[in-house]
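I have placed the structure first, in the form of structure tokens, so that the comments after it can refer back to it.
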There are 4 protein chains.
Amino acid sequence: MHFGSDNTSGVAPEILEALARANAGYVPSYGADALTERVEERLADLFETTLSVFLVGTGTAANSLGLAAIVRSHEAIFCHEASHIYWDECGAPEFFCGGAKLMPVAGELGKLQPDALRHALSFIRPGFHHQAQPAALSLSQLTEFGTAYRPAEIATLSAVARERGMAVHMDGARFSNAVVSTGASPAELTWKSGVDVLSFGASKNGAMGVEAVIVFDPDLVGDLPSLRKRSGQLFSKGRFLAAQMDAYLEGDLWRRHAIHANAMAGQLEEGLRDIPGVEISYPVEGNEVFCVLPDELDRRLKEAGAVYHPWHAPGDTMPGDKVRFVTSFATRPEDVDTLLEIARN
Amino acid sequence: MHFGSDNTSGVAPEILEALARANAGYVPSYGADALTERVEERLADLFETTLSVFLVGTGTAANSLGLAAIVRSHEAIFCHEASHIYWDECGAPEFFCGGAKLMPVAGELGKLQPDALRHALSFIRPGFHHQAQPAALSLSQLTEFGTAYRPAEIATLSAVARERGMAVHMDGARFSNAVVSTGASPAELTWKSGVDVLSFGASKNGAMGVEAVIVFDPDLVGDLPSLRKRSGQLFSKGRFLAAQMDAYLEGDLWRRHAIHANAMAGQLEEGLRDIPGVEISYPVEGNEVFCVLPDELDRRLKEAGAVYHPWHAPGDTMPGDKVRFVTSFATRPEDVDTLLEIARN
Amino acid sequence: MHFGSDNTSGVAPEILEALARANAGYVPSYGADALTERVEERLADLFETTLSVFLVGTGTAANSLGLAAIVRSHEAIFCHEASHIYWDECGAPEFFCGGAKLMPVAGELGKLQPDALRHALSFIRPGFHHQAQPAALSLSQLTEFGTAYRPAEIATLSAVARERGMAVHMDGARFSNAVVSTGASPAELTWKSGVDVLSFGASKNGAMGVEAVIVFDPDLVGDLPSLRKRSGQLFSKGRFLAAQMDAYLEGDLWRRHAIHANAMAGQLEEGLRDIPGVEISYPVEGNEVFCVLPDELDRRLKEAGAVYHPWHAPGDTMPGDKVRFVTSFATRPEDVDTLLEIARN
Amino acid sequence: MHFGSDNTSGVAPEILEALARANAGYVPSYGADALTERVEERLADLFETTLSVFLVGTGTAANSLGLAAIVRSHEAIFCHEASHIYWDECGAPEFFCGGAKLMPVAGELGKLQPDALRHALSFIRPGFHHQAQPAALSLSQLTEFGTAYRPAEIATLSAVARERGMAVHMDGARFSNAVVSTGASPAELTWKSGVDVLSFGASKNGAMGVEAVIVFDPDLVGDLPSLRKRSGQLFSKGRFLAAQMDAYLEGDLWRRHAIHANAMAGQLEEGLRDIPGVEISYPVEGNEVFCVLPDELDRRLKEAGAVYHPWHAPGDTMPGDKVRFVTSFATRPEDVDTLLEIARN
């Protein structure tokens, strides 16, 4: 009964096999291999547009490099006040961007609202050199509250960003879950709605350790090749990052994983709703269920070996002390059932 | 009728004369001169303790270097959501601190409140390497709303900071005005209340261009000598920074200037209160008056040549569009009177 | 006939199998797993001392983080003028160290000499804040010229560093090859000779993508946990870095690989020596052979499909345009024989 | 008898008077004043071209900001191996440029030679992302050896830089002395010879503390306004920087000072040449005399109160332990005579 995070599970067998397959013979290092090229083609197909891809090893690096492509050291990045890049990267975006500012903005259920964003921006006078000028808007998909932005929401926020000359970044650590939950296409959730740079996450959804920085506008690639090398994210045996991503894209494995993980979260939510004293805190729009558990139930689940963690986020307006359950490609229906059975007793 | 800022006025004659006096002969460069030494002694007397002094040319540099003494690149600085270091330094503190984060916290009238600070800190787990750990609390004295922290308020906030192992920095661009307005001693407003590093401002209060980074705890001096050089703030002819500060301290010139500037603000506030339609927005505890002016009055004052600017600050809960009047050592009572006369017609 | 680099080969089967084995079940993420712990124990055994280990994904990151542990932003790192960290990391050490300086020093055959190091250091006055003070000496093992430092050489250079209060870093991308070639123990080549921090390379010697930053002095660990996270090198599914390193250490796989790679280089060198017109440029003390090839021979080898690259290094005092052949764990004796046969015709 | 440095002397009376004159009334802060505008016009006249000017407080800041305008964090700056920006700024250029590399190149008498520069550049493959690409060439005028580049020398070096797409920076801390000594015009020594950005020094030549970053190509101004603010170099009472520079330019005060300082150095050199045992080390082409003094003479001069310092520079190929004498606008002929008289006894 492991619901602690989507990164405590292992790797999908398809991806492990791809690593073994990629091991044959000598191939050029540092991403000059054929698999890396194929990944770029697959992603261009998936997103229905030309794009540039930079594979890296961690989500921290993907977000930080993506932001570094569009933000200079003396500029500002606007993000939700609970966002992962603001709280949980130990200042990595600031580091990769040479000391740029992250400026948090409040918003219900983990989502930025256009008016709040516009209000925050109103405190920065355009062209005024005393202030870090806004250069990027960063959206988390899923949000930290497990909710998903719809294309129209993204488009509206992007439009506010455009008014101020900002580029739009998306932290897509759980992008796949949002695609499945919203029913929108990858293109609709990104460049068709104004997103310029996407961290396309794979590690949380069945890969071993690979994320793609996807740049939709070729003019924004800028110094990324140098910045990736300089930040220690250009892997010598690059074929093994590519092999993971290739298998992840092959036959829409990413989507099948997300469908499963979201379904597991749905099954869990449904079951928990019926249990007296449990309060589901936010809409379940991906693979995360946030809820308030009665103390006695919490104790009972823990004693039975269930793994999940307390949740405490800035800007949370819902009552109660919350916990978070995360499902993944590896979650089995029977694990959910077992947990719910224990909970029901 | 110049009320736009306290840095549009010139330099006090005592300070100009000191520059001329300091010009005699050859003296060692880079701060190894006797005047610099005397400044250190004068500041030690004024603050009633041993301390280390680093003279620099601007307030931006003073704040940023002071923070760099106590914050490492992967750490966080907590400050008020309207603070100057957060909005108006073009990311200088982040730059000097190697990419550290500034984390804004809300609070009435420009002041941080202990509970809000504690709440903000609650989102960072001590020792958790995924999060930028809190390293410094920065307080603005005066605040951006023209209010002044009392020693007890500072002590309470410092205690919250200490609980988390944070050092306390004070942006004292208008420290002199706060000393005068609170009636507390420089010592009471700083190290006796837990402040570790102070930017002791002089430029806004009659100097030409000098500020002192004062470090009360010798263990916190750390790399400051190198950081000052490396940031281009070690002046070759250091005697001329020292001469300014020396004259500023001589005979409590700083205090006399602040008494005057505060009195001018008081005279202005008193007069404005009596004018129909004018709303004084925040308590006047220094040399700044914030208020709402009727449109017609605003137009009339501007036409008469009065200089002052609109004011728009994050977290402002008072109604109305505000303007800010700033007085200084150079403000003449007759300037205030003239303005009030025009306003009364 | 692939002699272009030791990173165009794939992964050792033992390491691939270890990845599959590590895939079972749920384990804590971010390096809190049992395999990571076992790696630390194995490395402590191998190096015959207590030590701290930080696994990362690339050699660039390992070197840069290792240096960041011992160098502050305003300090200097001394290294050989041809060193990889100076020329081939796109400024990564400077980036991770917050802008520290790399200061190159000349030396025959890729090795620093104590006198040259002392001379270079003589231009920096101890404690003089106008100069970036020396904080680290970085040695490459193997050097860029394929030579290996002996323990006594390292000890002598470390002693010069100690005189100036500098710590000693070793870029051990090809550390295994040096262990085999010198016959010295890992301990003798590192902490027993004064090395404080080692990048223990695995990727070039049969792993997929893992390197260990090893800190011998616990007082030097400092901010490394935060710096690793902040630089995007804390992998969520850390078990897969650990699994690689664990298999690399199991049964001395690292040593067996290096013995093989060095032997292949020796076989290649021996064969090339007998070919008219070929000049071996530097002593072969690892898995690299540098030589001057007659133009005709060069053309013939290339046409036959041999892969190797031109070599052009600062401070090279040997005559002629050179090429570099690199062998690896994957080089087969018959590949060397084939190349030599073609060369002999 | 003060020959220790050109920054131990005070300020020219014309400049002190200008400060007093500038003190009248209220003027806009942060460089939006009329004096700053006039300085820009004066400099455009002097350099016979349109240009952008950024006044700052120190030479460290001027050089570092000038370089930051033309170099990105992952790029490299080539400079002479003895240059001030390499040895004596505590890493300030690296800091302002976000961690860029300074790459030293050897050259006789403090001057870079085209072939040596080309050779150093040959180790960086154009467009190769593993290497910090060359972005700027920085020349010191005067050099650290007191010699002056002629326009043709600058033009030749600039041409090498242009071949690699590099911009050209000039550290003109003693630019005035070079103008006087070469007889070339400011334009000929800068943009007409390929210089893009100049630190136009004033502090060493009679000002209190002001330097101008001059950008000749408007396309290179880039982020300088933000970078200046962010580095704490935008002075609130900017009129007092402008007043210094204005007086420095008025009636060619800068040139008169340099003529005098150079003449004093010439008088000193001439006298020293005749003294047995004294060896003048390098051509005297400005306000510095480097020489070897017999021990006995050195002792005698020191006892008589003469101030000057030992000199020890990388790449010095002339024999003997040297000392440096520096003259300035304030040096009196009788000081030189007194020193020579003592020396002659």
Original post:
If you project the alpha carbons of region B:155-247 onto their three principal axes, what span does each projection cover, largest first, in Å?
Top reply: 41, 33, 16
Original post:
How large is log10 I(q)/I(0) at q = 0.16, 0.18, 0.21, 0.25 Å⁻¹ when the Debye formula is applied to the Cα atoms of region C:88-147, each weighted equally and without solvent?
Top reply: -0.63, -0.78, -1.00, -1.19
**OP:** Round to the nearest 10 and report in Å² the accessible area of D:Ser199, as given by a 1.4 Å probe over the protein chains' heavy atoms.
**Re:** 0 Å²
**OP:** Nearest to the axis that maps chain C onto chain D: list the chain C residue whose Cβ wins, with the distance in whole angstrom.
**Re:** C:Gly99, 2
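More than 11 angstrom separation, counting every C-alpha pair in region B:166-213; what % is that? Working shown, then result.
On the way: 748 of 1128 pairs.
Taking all Cα-Cα pairs of region B:166-213, the fraction more than 11 Å apart is 66 percent.
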**OP:** Determine the total buried accessible area between chain D and chain B, counting protein heavy atoms only with a 1.4 Å probe; round to the nearest 100 Å².
**Re:** 4000 Å²
Subject >> Across the identical copies, how the A:Glu303 labels are spaced - nm, sorted shortest first, 7 Å along Cα→Cβ >> reply: 8.2, 8.3, 9.4
Original post:
What is the Cα centroid distance between region C:218-278 and region D:229-289, reported in whole angstrom?
Top reply: 55 Å
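Please work out the ratio of the alpha-carbon Rg of region D:47-96 to 2.2 N^0.38 Å and round it to two decimals.
On the way: Rg = 12.1 Å, N = 50, 2.2 N^0.38 = 9.7 Å.
Against the compact-globule rule of thumb, the ratio is 1.24.
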Subject >> Antiparallel %, DSSP beta bridges [both residues in the protein assembly as shown], to 5 >> reply: 50 percent
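Quick check: at a probe of 1.4 Å, how many percent of the accessible area of the protein assembly as shown sits on carbon and sulfur atoms? Intermediate results must be reported in sequence, preceding the final value.
Details: 22750 of 44760 Å².
Ligands and nucleic acids excluded, carbon and sulfur give 51 percent.
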**OP:** Provide, for q = 0.09, 0.10, 0.15 Å⁻¹, the log10 of I(q)/I(0) from a solvent-free Debye sum over equal Cα point scatterers in region B:173-305.
**Re:** -0.39, -0.48, -0.87
Original post:
Just the Cα atoms of chain A, one point each, no solvent: what log10 I(q)/I(0) does Debye give at q = 0.09, 0.10, 0.12, 0.15 Å⁻¹?
Top reply: -0.48, -0.60, -0.85, -1.25
**OP:** Restricting things to alpha carbons, find the Rg to Rh ratio for region D:80-195 using the Kirkwood radius for Rh.
**Re:** 0.95
**OP:** Can you send over the solvent-accessible area of B:Arg344, 1.4 Å probe, protein chains only, in Å² to the nearest 10?
**Re:** 140 Å²
**OP:** Please report how far the C-alpha centroid of region A:57-80 lies from that of region C:139-173, rounded to the nearest whole angstrom.
**Re:** 36 Å
Original post:
Any idea what the A:Arg38 label distances to the other copies are, label 7 Å down the Cα→Cβ vector, nm, shortest first?
Top reply: 3.2, 7.3, 8.0
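Roughly how many Å² is the accessible area per residue of region C:94-165, as a whole number, for a 1.4 Å probe? It would help to have the intermediate numbers written out before the result.
Working: 2350 Å² over 72 residues.
On a per-residue basis, region C:94-165 sits at 33 Å².
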**OP:** Considering only DSSP beta bridges where both residues belong to chain B, give the percentage that are antiparallel (nearest 5).
**Re:** 50 percent
Original post:
Hey, in the GNM for chain A with a 10 angstrom Cα cutoff, which one of A:His80, A:His257, A:His119 fluctuates hardest?
Top reply: A:His119
**OP:** Report which residues of region C:98-122 become buried by 40 Å² or more of accessible surface when going from the isolated chain to the complete set of protein chains (1.4 Å probe; DNA, RNA and ligands ignored).
**Re:** C:Gly99, C:Lys101, C:Met103
Original post:
Distances from A:Thr338 to the same residue in each other copy, label points 7 Å out along Cα→Cβ, in nm, shortest first?
Top reply: 5.2, 8.5, 9.4
Subject >> Average silhouette area of region C:278-345, convex hull of alpha-carbon atoms, in square nanometres >> reply: 4.9 nm²
Subject >> C:Ala155/C:His119 FRET efficiency (R0 22 Å; Cβ-Cβ; nearest 0.05) >> reply: 0.70
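Which net charge results for the neighbourhood of A:Asp316, defined as the other residues with beta-carbon distances under 12 angstrom from its beta-carbon, given Lys and Arg at +1 and Asp and Glu at -1?
Cβ neighbours under 12 Å give a net charge of -2.
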**OP:** Find how much the distance from D:Met318 to D:Glu341 grows on full extension, using 0.36 nm per residue of separation minus their present alpha carbon separation; answer in nm with one decimal.
**Re:** 5.6 nm
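What is the mean number of Cβ atoms from other protein chains located within 10 Å of the Cβ atom of each residue in peptide A:51-57, rounded to a whole number? Don't skip to the end; give the middle numbers.
Values: counts 0, 0, 0, 0, 0, 2, 10.
Mean shielding by partner chains, rounded to a whole number: 2.
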Original post:
How long are the three semi-axes of the equivalent ellipsoid for the protein assembly as shown, computed from the Cα gyration tensor as the root of 5 times each eigenvalue, in whole Å, largest first?
Top reply: 52, 46, 26
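Skip the ligands, DNA and RNA, and give the accessible area per residue of region D:301-345 with a 1.4 Å probe, whole Å². Intermediate values should be presented prior to the final figure.
Values: 2290 Å² over 45 residues.
Each residue of region D:301-345 exposes 51 Å² on average to a 1.4 Å probe.
From other protein chains only, count the Cβ atoms within 10 Å of every residue's Cβ in D:18-31, then give the mean. Mind showing how you got there, number by number?
Values: counts 0, 7, 7, 0, 3, 8, 1, 5, 12, 5, 5, 8, 5, 1.
So the per-residue partner count for this stretch is 5.
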**OP:** Could you tell me the accessible area of C:Glu296 in Å² (1.4 Å probe, neighbours in place), rounded to the nearest ten?
**Re:** 90 Å²
**OP:** Consider just the alpha-carbon atoms of region C:17-70 and return their Rg together with their Dmax, both in angstrom.
**Re:** 13.2, 38
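The values are calculated or read from the model by the stated rules, or taken from the named source; none is laboratory data. What you see is a predicted model; the values in this text were computed from it and never measured. With ideal geometry, Cβ positions are generated from the backbone for all residues, glycine too; neighbour counts draw on all protein chains shown. Keep in mind that these areas ignore ligands, DNA and RNA; they rest on the heavy atoms of the full protein, side chains included. Shrake-Rupley method; radii C 1.70, N 1.55, O 1.52, S 1.80 Å.
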